[in-house]
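The values are calculated or read from the model by the stated rules, or taken from the named source; none is laboratory data. Just so it is clear, the structure is predicted and the values come from calculations on it, not from any experiment. Positions of Cβ are generated from backbone atoms using ideal geometry, with glycine treated the same way; all protein chains shown enter the neighbour counts.
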Amino acid sequence: MKRTVSDEMFEAARRVIPGGVNSPVRACRSVGCDPLFIKRGLGAVLTDVDDNEYIDFVCSWGPMILGHAHPSVIAAIQAAAVDGTSFGAPTPTEVDLASLVVEAVPSIEKVRFVNSGTEATMSAVRLARGYTGRNIVVKFDGCYHGHADSFLVKAGSGLLTLGIPGSPGVPEDIVKNTLSIPYNNLEILEDTLRQKAAEIACVIVEPVAGNMGCVPPAPGFLEGIRRLTKELNILLIFDEVITGFRVAYGGAQERFGITPDLTCLGKIIGGGLPVGAYGGKAEIMDCVAPDGPVYQAGTLSGNPLAMAAGIAMLKELQRPGVYTELERKSARFEEMLNGISRATGVPTQLNRVGSVMTVFFTPDPVSDFESAMRSDTERYGQHYRQMLSTGIYLAPSQFEAAFVSMAHSEKDLDTAAKMTEWSFKKLLEK
Ligand code: PMP
(Lines give C-alpha, C1' and ligand atoms only; values in the text may rest on other atoms or scores of the structure.)
Protein backbone atom coordinates (compact mmCIF):
# COMPACT_ATOMS: atom_id res chain seq x y z
CA MET A 1 0.00 0.00 0.00
CA LYS A 2 1.58 3.22 -1.20
CA ARG A 3 0.81 6.24 0.95
CA THR A 4 3.15 8.98 -0.22
CA VAL A 5 0.51 11.57 -1.07
CA SER A 6 -1.52 10.95 2.10
CA ASP A 7 1.60 11.38 4.20
CA GLU A 8 2.53 14.62 2.41
CA MET A 9 -0.98 15.96 2.85
CA PHE A 10 -1.02 15.05 6.51
CA GLU A 11 2.21 16.92 7.03
CA ALA A 12 0.74 19.98 5.29
CA ALA A 13 -2.51 19.60 7.25
CA ARG A 14 -0.72 19.55 10.59
CA ARG A 15 0.76 22.95 9.87
CA VAL A 16 -2.64 24.59 9.47
CA ILE A 17 -5.21 22.36 11.23
CA PRO A 18 -4.87 21.19 14.87
CA GLY A 19 -3.67 17.59 14.73
CA GLY A 20 -4.14 17.77 10.96
CA VAL A 21 -7.81 16.80 11.29
CA ASN A 22 -11.18 18.44 11.76
CA SER A 23 -12.42 15.78 14.19
CA PRO A 24 -10.07 13.98 16.59
CA VAL A 25 -10.72 10.25 15.95
CA ARG A 26 -9.85 10.76 12.27
CA ALA A 27 -6.23 11.20 13.30
CA CYS A 28 -6.14 7.38 13.86
CA ARG A 29 -3.77 7.72 16.84
CA SER A 30 -5.28 4.96 18.96
CA VAL A 31 -4.64 2.45 16.17
CA GLY A 32 -1.09 3.67 15.59
CA CYS A 33 -1.53 5.11 12.10
CA ASP A 34 -1.60 8.40 10.33
CA PRO A 35 -4.83 9.16 8.49
CA LEU A 36 -5.45 8.48 4.82
CA PHE A 37 -6.72 11.34 2.73
CA ILE A 38 -9.75 10.34 0.70
CA LYS A 39 -10.41 11.68 -2.75
CA ARG A 40 -13.48 9.72 -3.79
CA GLY A 41 -16.21 7.39 -2.58
CA LEU A 42 -18.43 5.33 -4.83
CA GLY A 43 -20.81 2.72 -3.47
CA ALA A 44 -18.98 0.71 -0.81
CA VAL A 45 -15.54 1.74 -2.04
CA LEU A 46 -13.30 4.61 -0.95
CA THR A 47 -10.30 5.73 -2.99
CA ASP A 48 -7.47 7.56 -1.27
CA VAL A 49 -5.18 10.19 -2.76
CA ASP A 50 -2.59 7.49 -3.56
CA ASP A 51 -5.26 5.61 -5.55
CA ASN A 52 -5.58 2.76 -3.06
CA GLU A 53 -9.11 1.34 -2.81
CA TYR A 54 -10.86 0.17 0.34
CA ILE A 55 -14.16 -1.48 1.19
CA ASP A 56 -15.56 1.07 3.62
CA PHE A 57 -17.19 0.03 6.90
CA VAL A 58 -17.07 3.51 8.45
CA CYS A 59 -19.62 4.96 6.01
CA SER A 60 -18.79 8.49 7.18
CA TRP A 61 -19.58 7.26 10.73
CA GLY A 62 -23.09 6.24 9.74
CA PRO A 63 -24.74 8.54 7.21
CA MET A 64 -23.83 6.65 4.05
CA ILE A 65 -26.45 3.90 4.44
CA LEU A 66 -26.88 3.82 0.65
CA GLY A 67 -23.15 3.89 0.00
CA HIS A 68 -21.14 6.81 -1.37
CA ALA A 69 -22.32 9.08 -4.16
CA HIS A 70 -25.70 7.41 -4.53
CA PRO A 71 -27.13 8.62 -7.87
CA SER A 72 -30.47 9.82 -6.42
CA VAL A 73 -28.79 11.80 -3.66
CA ILE A 74 -26.21 13.35 -5.97
CA ALA A 75 -28.87 14.26 -8.54
CA ALA A 76 -30.98 15.93 -5.84
CA ILE A 77 -28.01 17.97 -4.58
CA GLN A 78 -27.05 19.02 -8.10
CA ALA A 79 -30.60 20.04 -8.96
CA ALA A 80 -30.93 22.05 -5.74
CA ALA A 81 -27.53 23.76 -6.17
CA VAL A 82 -28.52 25.26 -9.51
CA ASP A 83 -31.23 27.27 -7.72
CA GLY A 84 -28.89 28.72 -5.10
CA THR A 85 -27.24 27.36 -1.98
CA SER A 86 -28.70 29.35 0.91
CA PHE A 87 -31.35 32.00 1.40
CA GLY A 88 -31.86 32.33 5.13
CA ALA A 89 -35.58 32.17 4.40
CA PRO A 90 -38.07 29.29 4.41
CA THR A 91 -37.99 26.93 1.42
CA PRO A 92 -40.45 24.24 0.30
CA THR A 93 -37.89 21.44 0.79
CA GLU A 94 -37.77 22.07 4.57
CA VAL A 95 -41.47 21.31 4.79
CA ASP A 96 -41.05 18.20 2.65
CA LEU A 97 -38.24 16.75 4.78
CA ALA A 98 -40.01 17.74 8.01
CA SER A 99 -43.14 15.93 6.82
CA LEU A 100 -41.14 12.81 5.97
CA VAL A 101 -39.52 12.85 9.44
CA VAL A 102 -42.84 13.42 11.26
CA GLU A 103 -44.41 10.57 9.31
CA ALA A 104 -41.50 8.23 10.05
CA VAL A 105 -40.49 8.78 13.66
CA PRO A 106 -43.17 7.81 16.21
CA SER A 107 -42.28 10.47 18.84
CA ILE A 108 -41.97 13.40 16.45
CA GLU A 109 -44.98 15.66 15.84
CA LYS A 110 -42.88 18.72 15.06
CA VAL A 111 -39.22 18.95 14.11
CA ARG A 112 -36.60 21.70 13.89
CA PHE A 113 -33.59 21.28 11.58
CA VAL A 114 -30.09 22.26 12.69
CA ASN A 115 -26.64 21.60 11.22
CA SER A 116 -25.14 18.73 13.22
CA GLY A 117 -25.89 16.08 15.79
CA THR A 118 -24.22 18.23 18.43
CA GLU A 119 -26.57 21.10 17.72
CA ALA A 120 -29.52 18.72 17.89
CA THR A 121 -28.67 17.31 21.33
CA MET A 122 -27.59 20.69 22.71
CA SER A 123 -30.87 22.25 21.59
CA ALA A 124 -32.99 19.34 22.83
CA VAL A 125 -31.45 19.62 26.28
CA ARG A 126 -31.98 23.38 26.38
CA LEU A 127 -35.59 22.76 25.43
CA ALA A 128 -35.98 20.08 28.11
CA ARG A 129 -34.55 22.47 30.70
CA GLY A 130 -36.71 25.36 29.50
CA TYR A 131 -39.85 23.23 29.40
CA THR A 132 -39.41 21.65 32.83
CA GLY A 133 -37.69 24.57 34.58
CA ARG A 134 -35.09 22.12 35.92
CA ASN A 135 -31.35 21.89 35.29
CA ILE A 136 -30.01 18.37 35.73
CA VAL A 137 -29.36 16.11 32.76
CA VAL A 138 -28.90 12.39 33.30
CA LYS A 139 -26.79 10.56 30.73
CA PHE A 140 -25.06 7.19 30.57
CA ASP A 141 -21.34 6.40 30.78
CA GLY A 142 -19.84 5.80 27.36
CA CYS A 143 -22.70 7.46 25.49
CA TYR A 144 -21.68 10.36 23.28
CA HIS A 145 -24.08 13.16 22.49
CA GLY A 146 -21.82 15.55 20.62
CA HIS A 147 -19.34 18.00 22.06
CA ALA A 148 -21.56 20.55 23.82
CA ASP A 149 -20.39 21.40 27.36
CA SER A 150 -23.14 19.49 29.18
CA PHE A 151 -22.24 16.18 27.53
CA LEU A 152 -18.50 16.02 28.06
CA VAL A 153 -18.81 13.87 31.16
CA LYS A 154 -17.75 10.23 30.84
CA ALA A 155 -18.53 10.53 27.14
CA GLY A 156 -17.77 7.94 24.49
CA SER A 157 -16.36 8.29 20.97
CA GLY A 158 -13.21 10.42 20.68
CA LEU A 159 -12.91 11.09 24.41
CA LEU A 160 -13.00 7.39 25.15
CA THR A 161 -10.65 6.59 22.26
CA LEU A 162 -8.12 9.18 23.38
CA GLY A 163 -8.62 8.48 27.10
CA ILE A 164 -9.81 12.04 27.86
CA PRO A 165 -12.11 12.09 30.94
CA GLY A 166 -13.75 15.44 30.18
CA SER A 167 -12.42 18.62 28.67
CA PRO A 168 -10.67 21.74 29.90
CA GLY A 169 -12.79 24.71 28.91
CA VAL A 170 -15.96 23.14 30.26
CA PRO A 171 -16.81 25.01 33.48
CA GLU A 172 -17.39 22.95 36.62
CA ASP A 173 -20.57 25.00 37.06
CA ILE A 174 -21.99 23.42 33.92
CA VAL A 175 -21.02 19.79 34.41
CA LYS A 176 -22.28 19.80 37.97
CA ASN A 177 -25.68 19.61 36.29
CA THR A 178 -24.79 16.46 34.38
CA LEU A 179 -25.06 13.07 36.05
CA SER A 180 -23.52 10.15 34.20
CA ILE A 181 -24.49 6.65 35.30
CA PRO A 182 -23.84 3.11 33.96
CA TYR A 183 -25.66 1.99 30.79
CA ASN A 184 -28.00 -0.98 31.09
CA ASN A 185 -28.35 -0.59 34.87
CA LEU A 186 -31.93 0.20 35.85
CA GLU A 187 -31.30 -0.01 39.57
CA ILE A 188 -28.81 2.85 39.59
CA LEU A 189 -31.06 4.81 37.24
CA GLU A 190 -34.04 4.38 39.54
CA ASP A 191 -32.05 5.44 42.62
CA THR A 192 -30.65 8.49 40.81
CA LEU A 193 -34.00 9.60 39.45
CA ARG A 194 -35.90 9.10 42.70
CA GLN A 195 -33.30 10.98 44.71
CA LYS A 196 -33.24 14.06 42.50
CA ALA A 197 -36.51 13.94 40.57
CA ALA A 198 -37.45 17.53 41.36
CA GLU A 199 -34.19 18.80 39.80
CA ILE A 200 -33.92 16.54 36.76
CA ALA A 201 -34.97 17.96 33.39
CA CYS A 202 -34.27 14.92 31.26
CA VAL A 203 -32.66 11.57 30.71
CA ILE A 204 -30.79 11.40 27.40
CA VAL A 205 -29.79 8.03 25.99
CA GLU A 206 -28.47 6.41 22.84
CA PRO A 207 -31.17 3.71 22.57
CA VAL A 208 -28.48 1.53 21.02
CA ALA A 209 -25.14 2.80 22.24
CA GLY A 210 -22.76 3.33 19.34
CA ASN A 211 -19.99 5.41 20.84
CA MET A 212 -18.37 2.88 23.17
CA GLY A 213 -18.64 0.47 20.27
CA CYS A 214 -22.07 -1.01 19.63
CA VAL A 215 -23.82 -1.90 22.89
CA PRO A 216 -27.46 -2.95 22.59
CA PRO A 217 -29.97 -2.05 25.29
CA ALA A 218 -30.52 -5.02 27.62
CA PRO A 219 -34.05 -6.43 27.51
CA GLY A 220 -36.25 -4.12 29.60
CA PHE A 221 -33.70 -1.28 29.82
CA LEU A 222 -35.45 1.15 27.47
CA GLU A 223 -38.86 0.12 28.86
CA GLY A 224 -37.55 0.81 32.37
CA ILE A 225 -36.23 4.26 31.46
CA ARG A 226 -39.56 5.12 29.84
CA ARG A 227 -41.57 3.87 32.84
CA LEU A 228 -39.48 5.76 35.40
CA THR A 229 -39.25 9.04 33.48
CA LYS A 230 -43.00 9.01 32.88
CA GLU A 231 -43.75 8.30 36.53
CA LEU A 232 -41.41 11.04 37.75
CA ASN A 233 -42.35 13.61 35.10
CA ILE A 234 -38.86 13.73 33.62
CA LEU A 235 -38.44 14.14 29.86
CA LEU A 236 -36.90 11.26 27.96
CA ILE A 237 -34.66 12.15 25.01
CA PHE A 238 -33.57 9.47 22.55
CA ASP A 239 -30.37 10.45 20.81
CA GLU A 240 -31.00 8.72 17.50
CA VAL A 241 -28.22 10.51 15.61
CA ILE A 242 -26.81 7.08 14.71
CA THR A 243 -29.89 4.85 15.04
CA GLY A 244 -32.42 7.10 13.28
CA PHE A 245 -33.33 5.63 9.87
CA ARG A 246 -30.55 3.07 10.53
CA VAL A 247 -31.84 0.28 12.81
CA ALA A 248 -35.34 0.73 11.30
CA TYR A 249 -36.89 3.44 9.14
CA GLY A 250 -38.47 4.95 12.27
CA GLY A 251 -35.26 4.41 14.27
CA ALA A 252 -34.69 2.53 17.51
CA GLN A 253 -38.03 3.79 18.86
CA GLU A 254 -39.80 1.93 16.09
CA ARG A 255 -37.59 -1.14 16.43
CA PHE A 256 -38.02 -1.42 20.21
CA GLY A 257 -41.51 0.09 20.45
CA ILE A 258 -40.59 2.76 23.02
CA THR A 259 -41.65 6.36 22.43
CA PRO A 260 -39.51 9.11 24.00
CA ASP A 261 -40.63 12.72 24.50
CA LEU A 262 -37.91 14.22 22.31
CA THR A 263 -35.68 12.72 19.63
CA CYS A 264 -32.38 13.90 18.16
CA LEU A 265 -31.43 13.03 14.61
CA GLY A 266 -28.47 13.65 12.32
CA LYS A 267 -26.23 11.72 9.94
CA ILE A 268 -28.64 9.82 7.61
CA ILE A 269 -31.30 12.57 7.42
CA GLY A 270 -28.76 14.83 5.73
CA GLY A 271 -27.77 12.32 3.06
CA GLY A 272 -24.12 13.07 3.87
CA LEU A 273 -24.53 16.84 4.11
CA PRO A 274 -24.33 18.64 7.47
CA VAL A 275 -27.77 18.24 9.09
CA GLY A 276 -29.19 17.53 12.51
CA ALA A 277 -32.72 17.74 13.84
CA TYR A 278 -34.63 17.58 17.08
CA GLY A 279 -38.30 16.97 17.45
CA GLY A 280 -41.01 15.58 19.63
CA LYS A 281 -44.43 16.24 21.04
CA ALA A 282 -45.97 19.43 19.62
CA GLU A 283 -46.69 20.69 23.11
CA ILE A 284 -42.98 20.62 23.96
CA MET A 285 -41.69 21.77 20.56
CA ASP A 286 -44.03 24.78 20.71
CA CYS A 287 -41.82 26.13 23.52
CA VAL A 288 -39.10 26.81 20.93
CA ALA A 289 -38.77 30.38 19.57
CA PRO A 290 -40.58 32.09 17.93
CA ASP A 291 -43.70 30.36 19.33
CA GLY A 292 -42.10 29.92 22.73
CA PRO A 293 -39.32 31.37 24.86
CA VAL A 294 -36.58 28.73 24.39
CA TYR A 295 -34.13 30.26 21.93
CA GLN A 296 -32.46 28.30 19.16
CA ALA A 297 -31.52 29.50 15.68
CA GLY A 298 -29.24 28.92 12.68
CA THR A 299 -28.13 30.86 9.59
CA LEU A 300 -27.79 27.70 7.51
CA SER A 301 -30.47 25.61 9.24
CA GLY A 302 -32.78 23.92 6.75
CA ASN A 303 -30.19 24.49 4.04
CA PRO A 304 -31.71 23.69 0.63
CA LEU A 305 -28.89 21.36 -0.50
CA ALA A 306 -28.98 19.44 2.75
CA MET A 307 -32.78 19.18 2.69
CA ALA A 308 -32.72 17.93 -0.91
CA ALA A 309 -30.11 15.31 -0.04
CA GLY A 310 -32.11 14.20 3.00
CA ILE A 311 -35.35 13.87 1.03
CA ALA A 312 -33.65 11.80 -1.67
CA MET A 313 -32.10 9.59 1.00
CA LEU A 314 -35.36 8.94 2.86
CA LYS A 315 -37.24 8.23 -0.37
CA GLU A 316 -34.67 5.56 -1.23
CA LEU A 317 -34.99 4.11 2.27
CA GLN A 318 -38.77 3.88 1.85
CA ARG A 319 -38.34 1.31 -0.92
CA PRO A 320 -39.70 -2.05 0.17
CA GLY A 321 -37.17 -4.48 1.51
CA VAL A 322 -34.33 -2.06 2.36
CA TYR A 323 -34.21 -2.86 6.07
CA THR A 324 -34.78 -6.58 5.52
CA GLU A 325 -31.83 -6.61 3.16
CA LEU A 326 -29.61 -4.69 5.59
CA GLU A 327 -30.59 -7.09 8.37
CA ARG A 328 -29.97 -10.18 6.27
CA LYS A 329 -26.59 -9.04 5.01
CA SER A 330 -25.48 -7.90 8.45
CA ALA A 331 -26.63 -11.14 10.11
CA ARG A 332 -24.69 -13.20 7.57
CA PHE A 333 -21.62 -11.03 8.12
CA GLU A 334 -21.97 -11.48 11.89
CA GLU A 335 -22.21 -15.23 11.46
CA MET A 336 -19.08 -15.30 9.29
CA LEU A 337 -17.10 -13.17 11.74
CA ASN A 338 -18.17 -15.22 14.76
CA GLY A 339 -17.21 -18.38 12.88
CA ILE A 340 -13.74 -16.95 12.23
CA SER A 341 -13.32 -16.04 15.89
CA ARG A 342 -14.23 -19.60 16.92
CA ALA A 343 -12.09 -21.27 14.25
CA THR A 344 -8.97 -19.19 14.87
CA GLY A 345 -9.32 -18.99 18.64
CA VAL A 346 -9.12 -15.18 18.78
CA PRO A 347 -11.67 -14.36 21.47
CA THR A 348 -14.14 -11.66 20.41
CA GLN A 349 -17.59 -10.43 21.31
CA LEU A 350 -19.64 -9.26 18.39
CA ASN A 351 -22.47 -6.88 19.26
CA ARG A 352 -24.94 -6.06 16.52
CA VAL A 353 -28.25 -4.28 16.10
CA GLY A 354 -29.35 -4.25 12.46
CA SER A 355 -26.52 -2.89 10.33
CA VAL A 356 -24.56 -1.42 13.30
CA MET A 357 -21.93 -3.69 14.82
CA THR A 358 -18.68 -3.88 16.77
CA VAL A 359 -16.23 -6.73 17.19
CA PHE A 360 -14.77 -6.28 20.68
CA PHE A 361 -11.46 -8.00 21.38
CA THR A 362 -12.51 -9.52 24.68
CA PRO A 363 -13.83 -12.96 25.67
CA ASP A 364 -16.54 -11.45 27.91
CA PRO A 365 -19.92 -9.97 27.01
CA VAL A 366 -19.94 -6.20 26.50
CA SER A 367 -22.99 -4.52 28.00
CA ASP A 368 -21.70 -1.19 29.30
CA PHE A 369 -18.73 1.18 29.46
CA GLU A 370 -16.84 -0.90 32.00
CA SER A 371 -17.07 -4.13 30.03
CA ALA A 372 -16.23 -2.31 26.76
CA MET A 373 -13.09 -0.98 28.45
CA ARG A 374 -11.88 -4.56 29.01
CA SER A 375 -11.25 -4.90 25.27
CA ASP A 376 -7.69 -5.38 24.10
CA THR A 377 -7.16 -2.11 22.25
CA GLU A 378 -3.58 -3.00 21.28
CA ARG A 379 -4.93 -6.04 19.49
CA TYR A 380 -7.63 -3.97 17.83
CA GLY A 381 -4.93 -1.58 16.61
CA GLN A 382 -2.95 -4.42 15.05
CA HIS A 383 -6.09 -5.84 13.45
CA TYR A 384 -7.02 -2.39 12.13
CA ARG A 385 -3.61 -1.91 10.50
CA GLN A 386 -3.63 -5.40 9.00
CA MET A 387 -7.13 -4.94 7.59
CA LEU A 388 -6.23 -1.56 6.14
CA SER A 389 -3.23 -3.10 4.39
CA THR A 390 -5.58 -5.52 2.62
CA GLY A 391 -8.06 -2.84 1.56
CA ILE A 392 -10.61 -2.98 4.38
CA TYR A 393 -11.40 0.35 5.98
CA LEU A 394 -12.59 -0.08 9.60
CA ALA A 395 -13.23 2.54 12.28
CA PRO A 396 -9.87 3.69 13.67
CA SER A 397 -10.95 2.88 17.24
CA GLN A 398 -12.17 -0.17 19.16
CA PHE A 399 -14.90 2.04 20.58
CA GLU A 400 -16.73 2.89 17.39
CA ALA A 401 -19.21 0.94 15.32
CA ALA A 402 -18.90 -0.61 11.87
CA PHE A 403 -21.75 0.01 9.45
CA VAL A 404 -23.08 -2.20 6.66
CA SER A 405 -24.69 -0.24 3.83
CA MET A 406 -26.99 -1.08 0.94
CA ALA A 407 -23.94 -0.72 -1.29
CA HIS A 408 -22.00 -3.58 0.31
CA SER A 409 -22.34 -6.58 -1.98
CA GLU A 410 -22.26 -10.15 -0.68
CA LYS A 411 -18.84 -10.34 -2.34
CA ASP A 412 -17.63 -7.28 -0.38
CA LEU A 413 -18.68 -8.98 2.85
CA ASP A 414 -17.06 -12.27 1.79
CA THR A 415 -13.84 -10.38 1.02
CA ALA A 416 -13.93 -8.59 4.38
CA ALA A 417 -14.53 -11.92 6.15
CA LYS A 418 -11.64 -13.57 4.30
CA MET A 419 -9.32 -10.73 5.27
CA THR A 420 -10.55 -10.94 8.87
CA GLU A 421 -9.62 -14.62 8.94
CA TRP A 422 -6.14 -13.80 7.61
CA SER A 423 -5.75 -10.96 10.11
CA PHE A 424 -6.94 -13.03 13.11
CA LYS A 425 -4.42 -15.79 12.24
CA LYS A 426 -1.70 -13.16 12.06
CA LEU A 427 -2.71 -11.79 15.47
CA LEU A 428 -1.79 -15.16 16.95
CA GLU A 429 1.70 -15.22 15.39
CA LYS A 430 4.34 -14.01 17.75
N1 PMP B 1 -25.07 11.82 19.12
C2 PMP B 1 -24.61 10.64 18.71
C3 PMP B 1 -25.27 9.38 19.19
C4 PMP B 1 -23.50 10.56 17.85
O5 PMP B 1 -23.05 9.38 17.46
C6 PMP B 1 -22.91 11.77 17.41
C7 PMP B 1 -21.71 11.78 16.48
N8 PMP B 1 -21.11 10.62 16.20
C9 PMP B 1 -23.44 12.98 17.86
C10 PMP B 1 -24.52 12.98 18.71
C11 PMP B 1 -22.85 14.29 17.42
O12 PMP B 1 -23.11 14.49 16.08
P13 PMP B 1 -22.17 15.48 15.21
O14 PMP B 1 -20.84 14.82 15.13
O15 PMP B 1 -22.89 15.58 13.91
O16 PMP B 1 -22.12 16.77 15.93
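Between residues in the stretch 412-430 that are touching a residue at least 12 places away in the same chain (Cβ under 8 Å) and residues that are of a type in the set (Lys, Arg), which pairs lie under 7 Å by C-beta distance while being six or more apart or on different chains?
Close Cβ pairs satisfying both conditions: 413/329; 413/332; 427/379.
What's the total number of residues in the stretch 396-420 that are small (Gly, Ala, Ser) and part of a loop (DSSP other than H, G, I, E, B)? I'd like the intermediate steps shown before the answer.
At the first step, the residues of the stretch 396-420 found to be small (Gly, Ala, Ser) are 397, 401-402, 405, 407, 409, 416-417.
Then keep just the ones that are part of a loop (DSSP other than H, G, I, E, B); that gives 397, 401, 405, 407, 409.
Residues in the stretch 396-420 being small (Gly, Ala, Ser) and part of a loop (DSSP other than H, G, I, E, B): 5 in total.
Just to check your reading of the model, which residue among 90, 106 is closer than 22 Å to residue 286 by Cβ, within 22 Å of the chain's Cα centre (by Cα) and in a loop (DSSP other than H, G, I, E, B)?
That would be 106, the only listed residue that is closer than 22 Å to residue 286 by Cβ, within 22 Å of the chain's Cα centre (by Cα) and in a loop (DSSP other than H, G, I, E, B).
Applying the selection to the stretch 286-334, what residues are of a type in the set (Val, Ile, Thr) and touching a Gly at 6+ places or on another chain (Cβ under 9 Å)?
288, 294, 299, 311
In this structure, does residue 166 turn out to be in contact with a strand residue (DSSP E or B) (Cβ under 9 Å, 6 or more places away or on another chain) and not basic (Lys, Arg)?
Spelling it out, it is not the case that residue 166 is in contact with a strand residue (DSSP E or B) (Cβ under 9 Å, 6 or more places away or on another chain) and not basic (Lys, Arg).
Take the residues in the stretch 57-76 that are surrounded by 18 or more Cβ atoms within 10 Å (Cβ to Cβ) and away from the ligand (no atom under 16 Å from the Cβ), then tell me which one is nearest to residue 411 (Cα to Cα). Working first, answer last.
Of the stretch 57-76, the ones surrounded by 18 or more Cβ atoms within 10 Å (Cβ to Cβ) are 57-59, 61-68, 70, 73, 76.
Next, from what is left, pick out any that are away from the ligand (no atom under 16 Å from the Cβ): 66-68, 70, 73, 76.
On the way: 66: 17, 67: 15, 68: 17, 70: 19, 73: 24, 76: 29 Å.
Ranking the candidates gives 67 first.
Need a quick list: strands (runs of 3 or more DSSP E) entirely within the stretch 152-249 having at least 1 residues that are outside the structural domain of residue 19 (by TED's automatic domain parsing) and free of Cβ contacts under 8 Å to residues at least 40 places away in the same chain.
The strands (runs of 3 or more DSSP E) meeting that bar are 235-239.
Please find, within the stretch 102-149, the residue that is nearest to residue 267 (Cα to Cα) out of those that are more than 11 Å from the ligand (Cβ to nearest atom) and polar (S, T, N, Q).
By that ranking, first place goes to 123.
Any chance you could count how many residues in the stretch 269-286 are in contact with a strand residue (DSSP E or B) (Cβ under 7 Å, 6 or more places away or on another chain), within 16 Å of the ligand (Cβ to nearest atom) and more than 13 Å from residue 237 (Cα to Cα)?
Count: 3.
Consider residue 265 carefully, then state whether it is within 23 Å of residue 402 (Cβ to Cβ) and touching a helix residue (DSSP H, G or I) at 6+ places or on another chain (Cβ under 7 Å).
Yes, satisfied.
I need the full set of residues from the stretch 118-157 which are touching a Pro at 6+ places or on another chain (Cβ under 8 Å) and under 18 Å from residue 229 (Cα atoms), in order please.
130, 140
Is it the case that the stretch 26-49 has a residue that's within 16 Å of the ligand (Cβ to nearest atom), surrounded by fewer than 17 Cβ atoms within 10 Å (Cβ to Cβ), outside the structural domain of residue 272 (by TED's automatic domain parsing) and within 29 Å of residue 155 (Cα to Cα)?
The answer is yes; a qualifying residue exists.
Would you mind telling me which numbered condition in (1) within 15 Å of the ligand (Cβ to nearest atom); (2) surrounded by fewer than 17 Cβ atoms within 10 Å (Cβ to Cβ) residue 180 fails?
Only one criterion is unmet by residue 180, namely (2).
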